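Chemist: Quick one: this structure, given as structure tokens, is what I'll be asking you about.
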Amino acid sequence: MFGSTYTTGSGAKANLHLGTNDYLVQQNWVNAGAGYCSMSY
């Protein structure tokens, strides 16, 4: 699962923008509560 994504200027999909770069990063599974996917904990 990648969560919500956006399209970069080159047409690639991304979900994380750091500095001047865009990345498509898989979300991590968090076991807290019933469990869920997250980009941070």
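Chemist: Tell me, what is the Rg over Rh of the chain, with Rh the Kirkwood radius over Cα pairs?
Modeler: Result: Rg/Rh = 1.08.
Chemist: How do Leu18, Leu24 rank when sorted from fewest to most other Cβ atoms within 10 Å of their own Cβ?
Modeler: Least to most surrounded, the residues fall as Leu18, Leu24.
Chemist: Let me check against my output: what whole-number percent is the relative contact order of the chain, with C-alpha pairs under 8 Å and at least 6 apart?
Modeler: 29
Chemist: Hey, rough spin-label estimate for Tyr36 and Ala12, points 7 angstrom out along Cα→Cβ, what's it come to in nanometres?
Modeler: Result: 2.9 nm between the two label points.
Coordinate-derived values only; no laboratory data. Bear in mind the structure is a predicted one, so any value in this text is a computation, not a measurement. Positions of Cβ are backbone-derived with ideal geometry, glycine not excepted, and every protein chain shown enters the neighbour counts.
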